[in-house]
Amino acid sequence: MSKTSSIIQVARLVKRFKDLAAVDDISFTVEAGEIFAFLGPNGAGKSTTIKVLITLLAPTSGTATIDGHDIARQAPEVRRAIGYVPQMISVDGTLTASENLMLMARLYDIPRAERKERVREMLAFLNLEGHTDALVRTFSGGMIRKMEVGQAMLHRPKVLLLDEPTTGLDPVARQNVWEHLFDLRGRFGTTIFFSTHNMEEADEVSDRVAVMNRGRIAATGTAEELKAKTGKPDATLEDAFIFFTGNKLQETGNFREIRRARQIERRLG
Amino acid sequence: MLHYLSQTFQKSYVLAEMETRKLLHDPTELISRAVQPILWLGIFGEALSKVRAIATPGLTYLQFITPGILTQSVVFVAIFYGLYVIMDRDTGVLQKLLVTPTPRLALVWGKMIAAGIRGLSQALIVFLFAMVLGIRLRITPWSVLGVIVIVMLGASFFTGLSMIVASIVKTRERFMGIGQVITLPLFFASNAIYPIAIMPAWLQAVARVNPLSYMVDGLRALMLSGGVARVGFDMGVLAIAALLISMLSAWFYPKVVM
């Protein structure tokens, strides 16, 4: 793979579960340092795509590479190149902030001599120095998400993948989480790939958006480009979504997905 | 291969340490778990030793069941330890761990060791309470070391079994149901509270393949009667059983959370 190629390359990716094509022949690329939004309703195939990219699910067909490593054949290299923040709460509430970070530092083989400093720096970066030894279950929703980003960034991956990172957060916490993500990109040039069903969020924070619906990508481009294609002046990204998919971005999804979304909201709120 | 093994040992240690830290942050679990062995020894044991219904040659009945009660309380911790797999699965913790470059076997061993450490705290409680009741036990550096090894191996085996069940059934309700169903038969079909010799033949057969019997047997030899050869055999059986079940458990362990 040449150094100049895109940091994420997905070509004709398909993931089937029995009869259902959760991801149905999608292709896209993400450039290094980009903030890339995967926009779509619950059940559109966003999470499945992410699980294929992070090497937990094998693709049915098609290929994907991250930082030049093939997700199917070079899973260990891919795992070291990425950081991942799941949709569900992934910090351990029964451990302290520093223990949660230390756990990840050790699982990612950060040398012993650097670990403490790396953890301290991260806590400072997240403005959580005052909570180093507090149990994470006492944290607010925004602090929890920041901790999760911190856990995923300790080993300084080139690509950070976040699954619905701000679902369940209030607007202030959402803003705060994004400020930290922008800051990460500024410092380390981290590529940020995130899924969301929130139109405004995709519009405000991302460099480019892929509109996903029923397992397919309906359109890719900057939010401005997508809006312009609707032909309407003052079009919103929601208008663009309807234009490309023929659908409203409503809360579809099955019982499990909705229960999960509500659980997250309750825990973070 | 060597790299894989050293990674597995290292990461198991890290995960076990974190599990143990959780326990230190909130030790109430240790206290509530102390109740059961105290009741078995203090009430059941005392009562049955007065009746003298069960012949335990050379030993008082209380002496006889102390290793059995210790085994039981360790196995109770272990057999429900798979619940943590379900809890990690219900949150995003498991998902995040699965994406790290951690060998799957380390995820399993980490939990096994952590359950073993909880088992050791049970052993301490049983030893202390046995002293309070005036039950004479053999306490030498070697016997204590042996007890530690058997408790760790036994806890590992039953934790492995528990994690397989947890990985298959996936929900707390089903898991708790199965846990309740298997614990008492395991306990009764063993030499924990009566000698195998007094069982009907079919139950003897079950007791002989029940790993719990080997725990009790090894602990009884260490804590009471001695007998190095027996202990070595029991440890060998438990070690092989624990290793095999850990591999099986790693195979069943969730690969992705949908």
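Each value in this text was obtained by applying a stated rule to the coordinates, not by laboratory testing. What you see is a predicted model, and the numbers here were worked out from it, not measured in a lab. Counting neighbours? That spans all protein chains shown, and the Cβs are built from the backbone with ideal geometry, glycine included.
Could you check what % of the DSSP bridge pairs in the protein assembly as shown are antiparallel, to the nearest 5?
55 percent
Which listed residue (B:T159, B:T28, B:S6) has the Cα farthest towards the positive end of the charge dipole for chain B, taking +1 on Lys and Arg C-beta and -1 on Asp and Glu C-beta about the Cα centre?
B:S6
Between B:L161, B:L153, B:L48, find the one with the highest GNM mean-square fluctuation for chain B; connect C-alpha pairs within less than 10 Å.
Most flexible of the set in this elastic network: B:L48.
Using a basic spin-label model with each label point 7 Å from the Cα along Cα→Cβ, how many nm lie between A:S5 and A:A134?
Going from the A:S5 label point to the A:A134 one covers 4.6 nm.
What's the longest bit of chain A with no exposed trypsin sites (Lys or Arg not before Pro), using DSSP loop states and at most 16 other Cβ atoms within 10 Å as the test?
Of all site-free stretches, the longest is A:74-213.
Order of A:I264, B:I182, A:I82 from fewest to most other C-beta atoms within 10 Å?
B:I182, A:I264, A:I82
Once whole DSSP H runs in chain B are found, which of them have Cα atoms spread over 24 Å or more along the helix axis and a mean Kyte-Doolittle score of at least 1.0?
Answer set is B:61-79, B:104-132, B:141-169, B:228-252.
If amide H atoms are built 1.01 Å from N in the plane of the peptide, which residues on other chains or at least 5 residues away come under 5 Å of the amide H of B:T91?
Distant-sequence amide H within range of B:T91: zero hits.
Based only on the alpha carbon positions, what is the Kirkwood hydrodynamic radius of chain A, in angstrom?
19.1 Å
Taking other Cβ within 10 Å of each residue's Cβ, how do B:V74, B:V132, A:V30 sort, fewest first?
So the residues, fewest neighbours to most, are B:V132, A:V30, B:V74.
Using amide H atoms built 1.01 Å from N in the peptide plane, name the residues 5+ places from A:H69, or on other chains, whose amide H lies under 5 Å from its own.
Placed amide hydrogens put nothing under 5 Å from A:H69.
Relative to the Cα centre, what is the charge dipole magnitude of the protein assembly as shown, using +1 at the beta carbon of each Lys and Arg, -1 at the beta carbon of each Asp and Glu, and rounding to the nearest 20 debye?
The dipole magnitude comes to about 1600 debye.
Determine the dipole magnitude for chain A: charges of +1 sit on the beta-carbon of Lys and Arg, -1 on that of Asp and Glu, nothing else is charged, the reference point is the Cα centre, and the result goes in debye to the nearest 20.
About 900 debye.
Other chains' Cβ within 10 Å of A:83-92 residues: what's the mean?
6
Can you put B:H3, A:H197 in order, fewest other beta carbons within 10 Å first?
By the 10 Å Cβ count, ascending, the order reads B:H3, A:H197.
Once R0 is set to 60 Å, what does the formula 1/(1 + (r/R0)^6) return for the Cβ-Cβ distance between B:L137 and A:A124, expressed as a FRET efficiency to the nearest 0.05?
0.70
What residue among A:V209, A:V172, A:V85 has the largest mean-square fluctuation in a Gaussian network model of chain A, using Cα springs under 10 Å?
A:V172
Which cross-chain or sequence-distant (5 or more) residues have an amide H under 5 Å from the amide H of A:Y84, H modelled 1.01 Å from N in plane?
Amide H neighbours of A:Y84, under 5 Å, 5+ apart: A:L161.
Hey, got a sec? Which trypsin sites (Lys or Arg not before Pro) in the range B:113-194 land in a DSSP loop and have at most 16 other Cβ atoms within 10 Å?
B:R136, B:R138, B:K170
For the range B:35-119, taking Cα atoms only, what is the radius of gyration to one decimal and the Dmax to the nearest whole Å?
In order Rg, Dmax, the Cα atoms of the range B:35-119 give 19.2, 58 Å.
Starting from the alpha-carbon convex hull of the range B:73-129, give the projected area averaged over all orientations, in nm².
4.2 nm²
Could you work out Rg/(2.2 N^0.38 Å) for the range A:159-213, with Rg from alpha carbons only?
1.09
Magnitude of the Cβ-charge dipole of the range B:11-252, K/R +1 and D/E -1, about the Cα centre, nearest 20 debye?
It works out to roughly 100 debye.
Going by the alpha-carbon gyration tensor, a ≥ b ≥ c the square roots of its eigenvalues, is the range A:9-89 rounded (a/c under 1.5) or, if a/c is not under 1.5, prolate (a/b greater than b/c) versus oblate?
In terms of gyration-tensor shape, rounded.
Name the residue farthest towards the positive end of the dipole of chain A from the options A:L103, A:V10, A:M212, assuming +1 on Cβ of Lys and Arg, -1 on Cβ of Asp and Glu, about the Cα centre.
A:L103
Please work out how many pairs of lysine residues in chain A are eight or more positions apart (or on different chains) and have Cα atoms closer than 22 angstrom.
17
Just to confirm my numbers, what's the Cα centroid distance between the range A:123-145 and the range B:16-73 in Å?
40 Å
Along each of the three principal axes of the Cα atoms of the protein assembly as shown, give the extent in whole Å, ordering the values from largest to smallest.
Between the extreme Cα coordinates on each principal axis of the protein assembly as shown lie 95, 49, 43 Å.
Compute log10 of I(q)/I(0) for the range B:11-252 with the Debye formula, placing one identical point scatterer on every Cα and leaving out solvent, at q = 0.08 Å⁻¹, to two decimals.
-0.30
May I ask you to derive the FRET efficiency for B:L59 and B:V35 from their Cβ-Cβ distance with R0 = 25 Å, giving the value to the nearest 0.05?
Efficiency, from the Cβ-Cβ distance: 0.50.
Only bridges with both residues in the range A:158-231 count here: give the DSSP antiparallel percent, nearest 5.
50 percent
Counting every Cα pair in the range B:176-258, what percent are over 19 Å apart?
52 percent
Mind checking which of B:L15, B:L186, A:T190 is farthest towards the positive end of the protein assembly as shown's charge dipole, using Cβ charges of +1 (Lys, Arg) and -1 (Asp, Glu) about the Cα centre?
Final value for the positive-end residue is B:L186.
In a GNM of chain A with a 10 Å cut-off on Cα contacts, which of A:A223, A:A11, A:A81 has the highest mean-square fluctuation?
A:A11
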